[in-house]
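Participant: Sharing a structure below in structure tokens format, with a few things to ask.
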Amino acid sequence: MSAKRPDLRLIREDPDQVAVEQLALLAELIQEFASSLNLDETLQTAIERFMAYMDAEAASLFLLENENRELVCYKCVGPVDISGLRMDVSEGIVGKCVREQACQMVRDVRRSHDFSGTIDHSSGFSTRSLLCAPLSVRGECVGVLELVNKRTGDGLFNPRDEALASVLASAAALAIHNARMAASLVEHERLKRELELAGDIQRHLLPPSCDSDFPVNGVNFPAYEVSGDFYDFFPLDNGRIYFNLADVSGKGINSALLMAQTSSLLRCLARDFSDPGELLTRVNRELCETASHGMFVTIVSGFIEPESGRVCFSNAGHQPPLQRGVDGSFSEIPAGAPPLGVVPETVFPVSEISLAGGSLYLFTDGVTESLTAEHLPLDVSGLITLIERMSELESCERLQNIVAEIRRPGARQRDDITMMLIESQDTGLGEKLFERRFSADPECLHGLRTELKSAALQAGCSAEVAGEIVLAVNEACMNIMQHAYQGDCAGEILLEMHNNDGELVCVLKDWAAPVDPSQIRPRPLDELRPGGLGTRFIDELMDDWVFDTTPQGCGNCLTLRKRIA
Amino acid sequence: MGFGHRTEGGYAVVELRGDVDLARSPEARALILQFLEQRSDLLVDLSEVAYIDSSGVASLVEGYQVAKKEGLKFGLIGVSEAALSVLRLARLDQVFPIHSDLDARIADDG
């Protein structure tokens, strides 16, 4: 490139020719800035060439640092190397250039009050005249281009020099700004990748996804890359299942780290404790020693006995878990202690409940504080409504659908959403004697009656009682076929018969739309009409029957009971 | 086991057999209503009925009501133990005229 350049000094006298040269130089330097892959080198060559063209003795490039309070010499050319030199922006002519964001041309520094002479003192250099141009981008100053002592002519800089320096300074400022943007973009990308990796590792700390055959299921959806919420569950050697669901204060990396620490502590220690209160006491002491910055963890942590459906747990400052009874009632079980990581001596009381065919919902405030389509917080009441609406689904599907509803499309998720469902596998119905799944086709009834009768006889019923049970179950099936499925033979019916300590319990489930319970009341017998006898028969033949208005995992559920011993 | 019918002693006799349940009561109902539409006095023979449910009973109730409205004779004969227990359950043993067989019914008609 330099070979093509004419020797500028030889033809300097013609003003037009000078303008053309200056434009050529600027165009070349600007183009180099724009295409530079190494800004450091480019800036160095640029000030070298600029110094030579301007016939200056020295040139330097200062950049602002320390929140724009200091100027640091980034590049320099000339007899004295001042690179790395720092000066306050309140000092000297260079500082004035920043403060006023305007070119400073001092033809004789001895007459300037602003000249500090600091550099001259330390270097032995003698400054006569100065030209400073601010490096400005979009009104923001990033540094100063400085030229010292004009060698030719009268030894003074002139307005044309000033204009030229000003243009070059702007081009250099833009190049520096772009390079910084690119660097920050690279840094941002690197941090983003690291966060994604952290999120990935964190997801692997959570148990595998849903399985309706397991009594515990959980879901976690972080609002950002990493989550401050977590949950865990795993079976223990003694047949019990350990579970927890927690919320770490704050969001972001620090919360995620505390989450990982707490989760790992619990995973290790849960095997050594049988009392959930003692487990939390131990973990709390550990966290109080190490947790900092006022961070804390709210948690529900406990053990499940799958056989009996008993759940014991401690609640450290967390949202009250919601228990749904088998009858469809809801109750909240409030926290008995403050969060983990606050007071080392905290004692954690234990709550004990029996699932008895019901379920326990644990969740973080991201669930209850999520906004509905009406922009109101969901609240516990809204969650209860959702649970009731999804009650016909299997546990795993129910949990996922509830969370999908909360994270409805278009809604911005503001907090981590974490939820756990503990559901009794024990039906509370006793030993299962018989199970048949069949289509809602009247043709299936004959075979079903035969099988049910022999199962009832085998359970120890008299022939008469067996006949009564068969008649009652047959009537119930007919009701499902005619009223629930409305004659659609493709529907399915599930019949189970259990022996609950001398009481035969028959459970009939269907997956039709819920039936209005008022339609299945027995009619008075003195009312002579062809229909409506079925429920009357059931009522007469069985000791008790219950139609569940909000059954879980099916559309309608009818339970018939008759004592046989 | 299909349902049968015969005409005897001035009655159309519908013979229900086996299981009269939801799968087969539509057939029983159609047969009963068919003879009543022909203005026959009608007896339903339940001697061979192994099982009857509320839908089967409903066909008998409907037959009884139509006959009464049309001024025709209606009754049950030879009611099996299985059928009788269900009719008792519905208190219909007190509503339907029930005879052991056709002869007993004719004797009762006088």
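The values are calculated or read from the model by the stated rules, or taken from the named source; none is laboratory data. The structure presented is a predicted model; accordingly, all values stated were derived computationally and were not measured. In this analysis, Cβ positions are derived from the backbone assuming ideal geometry, glycine residues included, and neighbour counts consider all displayed protein chains. Each accessible area value is taken on the protein alone, full model and side chains, heavy atoms only, with ligands, DNA and RNA left out. Shrake-Rupley method; radii C 1.70, N 1.55, O 1.52, S 1.80 Å.
Participant: Got a sec? Which residues of the stretch A:451-482 lose 30 Å² or more of accessible surface with every protein chain in place, vs. that chain alone, 1.4 Å probe?
Facilitator: Relative to the lone chain, where solvent access is computed with a 1.4 Å probe, the stretch A:451-482 loses at least 30 Å² at A:LEU471, A:MET478.
Participant: How high is the FRET efficiency between B:LYS73 and A:CYS489 when r is their beta carbon distance and R₀ equals 35 Å, given to the nearest 0.05? Each step should come with its number before you reach the end.
Facilitator: Working: r = 38 Å, r/R0 = 1.07.
Step by step, r from the Cβ atoms, then E = 0.40.
Participant: For chain A, which DSSP H helices look membrane-span-like by this rule: Cα extent along the axis of 18 Å or more and mean Kyte-Doolittle of at least 0.5?
Facilitator: A:15-35, A:253-269, A:463-479
Participant: How far apart, in nanometres, would the label points at B:ARG39 and B:GLN65 be if each is projected 7 angstrom from Cα along the Cα-to-Cβ direction?
Facilitator: Modelled inter-label distance: 2.4 nm.
Participant: Still on this structure: Which sequence of B:HIS5, A:HIS177, A:HIS318, A:HIS204 reflects their accessible areas, 1.4 Å probe, from the largest down?
Facilitator: Order by accessible area, largest first: A:HIS204, B:HIS5, A:HIS177, A:HIS318.
Participant: What is the calculated FRET efficiency for A:THR385 to A:LEU197, with r their C-beta to C-beta distance and R₀ = 30 Å, to the nearest 0.05? Numbers along the way, then the final one.
Facilitator: Numbers: r = 39 Å, r/R0 = 1.29.
Calculated value: 0.20.
Participant: Between A:ARG138 and A:SER354, what length comes free when the chain is fully extended (0.36 nm per residue of separation minus the Cα-Cα distance, one decimal in nm)? Walk me through the intermediate numbers first.
Facilitator: Numbers: separation 216, 0.36 × 216 = 77.76 nm, distance 6.82 nm.
Extra length from A:ARG138 to A:SER354 when fully extended: 70.9 nm.
Participant: Same structure again: Could you give the length gained by full extension between A:GLU435 and A:PHE125, i.e. 0.36 nm per residue of separation minus their alpha carbon distance, to one decimal place?
Facilitator: Numbers: separation 310, 0.36 × 310 = 111.60 nm, distance 10.26 nm.
Extending this stretch completely gives an extra 101.3 nm.
Participant: Placing one identical point scatterer on every Cα of chain A and ignoring solvent, what is log10 I(q)/I(0) from the Debye formula at q = 0.08, 0.10 Å⁻¹?
Facilitator: One equal scatterer on each Cα of chain A leads to -0.73, -0.90.
Participant: Okay, moving on. Using unit Cβ charges (K, R positive; D, E negative) and no other charged atoms, how large, in debye to the nearest 20, is the dipole of the stretch A:2-181 about its Cα centre?
Facilitator: Values: 19 positive and 27 negative charges, 26 e Å.
Here the size comes out at about 120 debye.
Participant: Need one number: buried accessible surface between chains A and B, 1.4 Å probe, both sides summed, DNA, RNA and ligands left out, in Å² to 100. Numbers along the way, then the final one.
Facilitator: Details: alone 27720 and 5660 Å², together 31650 Å².
Summed over both sides, the interface buries about 1700 Å².
Participant: Still on this structure, I have one more. Contact order normalised by length for chain A, with contacts defined as Cα pairs under 8 Å and 6 or more residues apart; what percent is it? Numbers along the way, then the final one.
Facilitator: Values: 1062 pairs, mean separation 48.5, N = 565.
For chain A, the relative contact order is 9 percent.
Participant: Follow-up question, since we're still on this one. Charges at C-beta only: +1 for Lys and Arg, -1 for Asp and Glu. How large is the resulting dipole of chain A about its Cα centre, in Debye rounded to 20?
Facilitator: The calculation lands at about 1560 debye.
Participant: First compute the accessible area of the protein assembly as shown with a 1.4 Å probe, then give the percent of it belonging to carbon and sulfur atoms. Before the final figure, lay out the partial values.
Facilitator: On the way: 16100 of 31650 Å².
Summing carbon and sulfur atoms, their accessible area is 51 percent of the total for the protein assembly as shown.
Participant: Whose amide H sits under 5 Å from the amide H of A:MET295, counting only residues 5 or more places off or on another chain, with H placed in the peptide plane?
Facilitator: Placed amide hydrogens put nothing under 5 Å from A:MET295.
Participant: With a 1.4 Å probe and every protein chain left in place, tell me how much accessible area A:VAL219 has, in Å² to the nearest 10.
Facilitator: Number for this one is 10 Å².
Participant: Report ³J(HN,Hα) in whole Hz for each residue of the stretch A:61-74, in order, from the Karplus equation J = 6.51 cos²θ - 1.76 cosθ + 1.60 where θ = phi - 60°; Gly and Pro get x.
Facilitator: 10, 9, 10, 7, 9, 6, 6, 6, 8, 10, 10, 10, 6, 8
Participant: Something else: Please name the residues of the stretch B:7-40 whose accessible area, counted over protein heavy atoms with a 1.4 angstrom probe, falls by no less than 30 Å² between the chain alone and the full protein assembly.
Facilitator: Residues of the stretch B:7-40 that lose at least 30 Å² of accessible area once the other chains are added: B:ASP19, B:ASP21, B:LEU22, B:ALA23.
Participant: In peptide B:60-66, how many Cβ atoms from other protein chains are near each Cβ within 10 Å, on average?
Facilitator: On the way: counts 1, 5, 3, 1, 2, 3, 0.
For peptide B:60-66, the averaged partner shielding equals 2.
Participant: Answer with one residue from B:ALA23, B:SER59, B:VAL13: the one whose Cα lies farthest towards the positive end of the charge dipole of chain B, charges on Cβ with Lys, Arg +1 and Asp, Glu -1.
Facilitator: B:SER59
Participant: Please name whichever of A:PHE303, A:ALA270, A:GLY460 sits farthest to the positive end of the charge dipole of chain A, dipole taken about the Cα centre and charges placed at Cβ: Lys and Arg +1, Asp and Glu -1.
Facilitator: Selected residue: A:ALA270.
Participant: Let me ask you something else. Using all alpha carbons of the stretch B:36-110, what is the percent of pairwise distances in each 5 Å bin, ordered from the shortest bin to the longest?
Facilitator: The distribution over the stretch B:36-110 is 4, 16, 28, 26, 19, 7, 1, given as percents.
Participant: Turning to a different aspect of this structure: What residue among A:ILE30, A:VAL507, A:PRO79 has its Cα farthest toward the positive end of the dipole of chain A, where the charges are +1 on Lys, Arg and -1 on Asp, Glu, each on the Cβ?
Facilitator: A:PRO79
Participant: A further question follows. Run through the stretch A:56-162 and list the trypsin sites (Lys or Arg not before Pro) located in a DSSP loop whose Cβ has at most 16 other Cβ atoms within 10 Å.
Facilitator: Numbers: sites: A:ARG69, A:LYS75, A:ARG86, A:LYS96, A:ARG99, A:ARG107, A:ARG110, A:ARG111, A:ARG128, A:ARG138, A:LYS150, A:ARG151, A:ARG160; in loops: A:ARG69, A:ARG107, A:ARG128, A:ARG138, A:ARG151.
Of the trypsin sites (Lys or Arg not before Pro), the ones in loops of the stretch A:56-162 whose Cβ has at most 16 other Cβ atoms within 10 Å are A:ARG69, A:ARG107, A:ARG128, A:ARG138, A:ARG151.
Participant: Go ahead and collect, in residue order, the members of the stretch A:78-92 whose backbone nitrogen is under 19 Å from a label point 7 Å along the Cα-Cβ direction of A:ASP114.
Facilitator: A:86-92
Participant: How large is the convex hull of the Cα atoms of the stretch A:28-161 per residue, expressed in Å³ as a whole number? Don't skip to the answer; put the middle values down first.
Facilitator: Details: hull volume 15.5 nm³, N = 134.
Dividing the Cα hull volume of the stretch A:28-161 by its residues yields 116 Å³.
Participant: Suppose the chain between A:ARG99 and A:SER454 were pulled fully straight at 0.36 nm per residue; how much longer would it get relative to their current alpha carbon spacing? Write down the numbers at each step before the final one.
Facilitator: On the way: separation 355, 0.36 × 355 = 127.80 nm, distance 10.08 nm.
Separation in residues times 0.36 nm, less the Cα-Cα distance, equals 117.7 nm.
Participant: A follow-up question, please. Please find the FRET efficiency linking A:HIS446 to A:PHE234, where r is the Cβ-Cβ separation and R0 is fixed at 60 Å, and quote it to the nearest 0.05. Display every interim value, and only then the final one.
Facilitator: Numbers: r = 48 Å, r/R0 = 0.80.
Efficiency, rounded to the nearest 0.05: 0.80.
Participant: Which value, in debye to the nearest 20, gives the size of the charge dipole of the stretch A:33-120 about its Cα centre, when Lys and Arg are +1 and Asp and Glu are -1 at the Cβ? Show your work: numbers first, answer last.
Facilitator: Numbers: 9 positive and 15 negative charges, 52 e Å.
Using Cβ point charges on Lys, Arg, Asp and Glu, the stretch A:33-120 gives about 260 debye.
Participant: Right, next: Could you tell me what fraction of 2.2 N^0.38 Å the Cα radius of gyration of the stretch A:207-423 comes to, as a two-decimal ratio? Mind dumping the intermediate values first?
Facilitator: Working: Rg = 16.3 Å, N = 217, 2.2 N^0.38 = 17.0 Å.
Taking N as the residue count of the stretch A:207-423, the ratio is 0.96.
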